[in-house]
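Okay, so here's the structure we're looking at.
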Amino acid sequence: MVVKLYNTLTQKKENLPAPDDKGLNLFVCGPTVYDHIHIGNARTFTFFDVLAKWLRHQGIKVFYLQNITDIDDKIIARARETGQETSAFAQKFEKIFIEDINALGLDAVDKYARASEHIPEIVAQVKTLIQKKHAYLIKDDGYYFDLKTFPEYGQLSGRTSQMAEDGVSRIDESVHKRNRGDFNLWKFSKPNEPSWPFDDGKGLPAEALAKAGRPGWHIEDTAISEKYFGPKYDIHGAGQDLIFPHHEAEIAQMESISGLKPFVKHWLHVGFIIDKTGKMSKSKGNFLTLREALEKYSAATIRFYFLSAHYRSPLEYDNKSLPQAQAAVSRLTDFINRLKEIKNTAASFPVENFTDSFWKHLADDFDTPQALASFFELIKESNKFIDTHNLSQTDAKKIIDFITEVNDIFGILPHEEIAPAEIMALVVDREKARKQGDYNLADKLRVDIEKQGWSVDDTSSGPRITRQ
């Protein structure tokens, strides 16, 4: 099946880059570990988790690399506020990040690469930019990229200058910069800040040698991706907020270093989660952390919510969003349980009509809303056959196998929990009461079961127990 995805660089849907013998290389910008990630961040990571799993399902090898920014001004500032040592503070929130994404079922990444573990690669790139006259020194500050040396800057976003309203862009301010949009490559560290030696003294100004420093934000990504993928690779992804200037800076850095174009063949960007106040962000204070969401809803519910909108479109959030997703997941679970009870041998159901439609929508720019529409159309039409006793056990198994296949990629079915012995004892007692016509006792036992977080549904094949 031909796979087409929207390329931010060309602004059109294009065939996926043809994989070589080693497959496709995918790099996704990871978290800056200074706080809990919010559900907007989690939406981006979920999309690339599902995309990687789907490509592998298509038989395509994918090496999925994600960086972790554990050196950053925000980390240093927050660590100071809490009185913690910077690296320990970053490690704490890296651990929280890994715990949260594991709880969400995000397990497609092959390697996480910390910025702090790639200082030699970062320094080597900065040195190359200095030697090729793409970088300049600001005394007592650090090295900056000179945008006048890279006329193609802005090719990804269609922009060439930093605008005042771009508060999240992290363009380093200095009155000594040559151009407004010039960005920091290497910062000389201030007292009590993390620092690393910059050079061995060959051919660089004494100012650089006198002061240790730390990486600028943009340089870590190209240093990491070059180490594992080389100067050019297949797919780079992140949220839409990183198109400008972060990804523009990456292109400027790597193409200036290597002289090769394009740095990345295919750029993918995920839309924002928005509420009535606009884009969800920590700076606005209108965010829901992933951990908070996971305390109230299953991973399957949250993943279904993320996949309910096209990945490039804004996803609206309000107090109804996750309950609606929860209802859809419950409907899917109930449908599977209904399929498992079928014993008929009846006329053939056109399963392939729905499954083919599902896969075709995914191949067309990963259109999950339309794919899920086909999915629930299958449920609706199957239920009609079940109601008239015309769905065969064979077709029921085909549908279950398809749902299982989809779930392996989407992760939208909650993990089945086996009820503990004390709950099953109540279920057995309730069933006895029902058979003896003691419905008052049966109702009381149902309430007792529900108080402990379980639901009991009476079916033709006996009671069905599920976690609420």
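Filtered by the rule that a residue be outside any helix (DSSP H, G or I) and open to solvent by 50 Å² or more (accessible area, probe 1.4 Å), the range 121-151 gives 132, 133, 137, 139, 140, 151. For the range 364-380, state whether one or more residues are of a type outside the set (S, T, N, Q), in a helix (DSSP H, G or I) and more than 26 Å from residue 299 (Cβ to Cβ). There is no residue in the range 364-380 that is of a type outside the set (S, T, N, Q), in a helix (DSSP H, G or I) and more than 26 Å from residue 299 (Cβ to Cβ).
Looking at the range 104-120, can you tell me whether even one residue there is open to solvent by 50 Å² or more (accessible area, probe 1.4 Å) and assigned to a helix (DSSP H, G or I)? Yes, there is a match, as at least one residue in the range 104-120 is open to solvent by 50 Å² or more (accessible area, probe 1.4 Å) and assigned to a helix (DSSP H, G or I). More than 16 Å from residue 313 (Cβ to Cβ), surrounded by fewer than 16 Cβ atoms within 10 Å (Cβ to Cβ) and touching a residue at least 24 places away in the same chain (Cβ under 8 Å), is that true of residue 231? Yes: the conditions hold for residue 231.
The selection criterion, being part of a helix (DSSP H, G or I), farther than 29 Å from residue 249 by Cα, charged (D, E, K, R) and in contact (Cβ under 8 Å) with a residue 12 or more places away in the chain, does not hold for residue 352.
Residues in the range 401-439 that are among the aliphatic types (A, V, I, L, M), open to solvent by less than 40 Å² (accessible area, probe 1.4 Å), closer than 19 Å to residue 464 by Cβ and in a helix (DSSP H, G or I): 403, 423, 426, 427, 433.
For residue 336, the conditions (1) β-branched (Val, Ile, Thr); (2) more than 25 Å from residue 414 (Cα to Cα); (3) surrounded by fewer than 20 Cβ atoms within 10 Å (Cβ to Cβ) are fulfilled apart from (2). In the set (1) within 30 Å of residue 186 (Cβ to Cβ); (2) in a helix (DSSP H, G or I), residue 55 fails one condition alone, (1). In the set (1) open to solvent by 40 Å² or more (accessible area, probe 1.4 Å); (2) outside any loop (DSSP other than H, G, I, E, B); (3) among the acidic types (Asp, Glu), residue 94 fails one condition alone, (1). Listed by first and then second residue, the pairs linking a residue in the range 237-252 that is open to solvent by 10 Å² or more (accessible area, probe 1.4 Å) to a residue that is of a type in the set (Gly, Ala, Ser), with Cβ atoms under 7 Å apart and 6 or more places separating them unless they lie on different chains, are 240/271; 243/157; 244/157; 244/169. The number of residues in the range 303-349 being touching a Lys or Arg at 6+ places or on another chain (Cβ under 7 Å) and assigned to a helix (DSSP H, G or I) comes to 2. In the range 152-173, the residue that is modelled with the lowest pLDDT out of those that are open to solvent by 30 Å² or more (accessible area, probe 1.4 Å) and polar (S, T, N, Q) is 161.
Among the conditions (1) touching a residue at least 24 places away in the same chain (Cβ under 8 Å); (2) buried (at least 20 other Cβ atoms within 10 Å of the Cβ), residue 360 misses just one, which is (2).
Table: residues versus (1) surrounded by 21 or more Cβ atoms within 10 Å (Cβ to Cβ); (2) within 15 Å of the chain's Cα centre (by Cα); (3) closer than 23 Å to residue 356 by Cα; (4) among the basic types (Lys, Arg).
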{"site": "2", "(1), (2), (3), (4)": "no, no, yes, no"}
{"site": "25", "(1), (2), (3), (4)": "yes, no, no, no"}
{"site": "28", "(1), (2), (3), (4)": "yes, yes, no, no"}
{"site": "39", "(1), (2), (3), (4)": "yes, yes, no, no"}
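The values are calculated or read from the model by the stated rules, or taken from the named source; none is laboratory data. If you're wondering where the values come from, they're calculated on a predicted model, not measured in any experiment. Don't worry about glycine lacking a Cβ; one is built from the backbone with ideal geometry, like all the others, and counts go over all protein chains shown. Quick note on the areas: whole protein, heavy atoms, side chains included, nothing else; ligands and nucleic acids left out. Shrake-Rupley method; radii C 1.70, N 1.55, O 1.52, S 1.80 Å.
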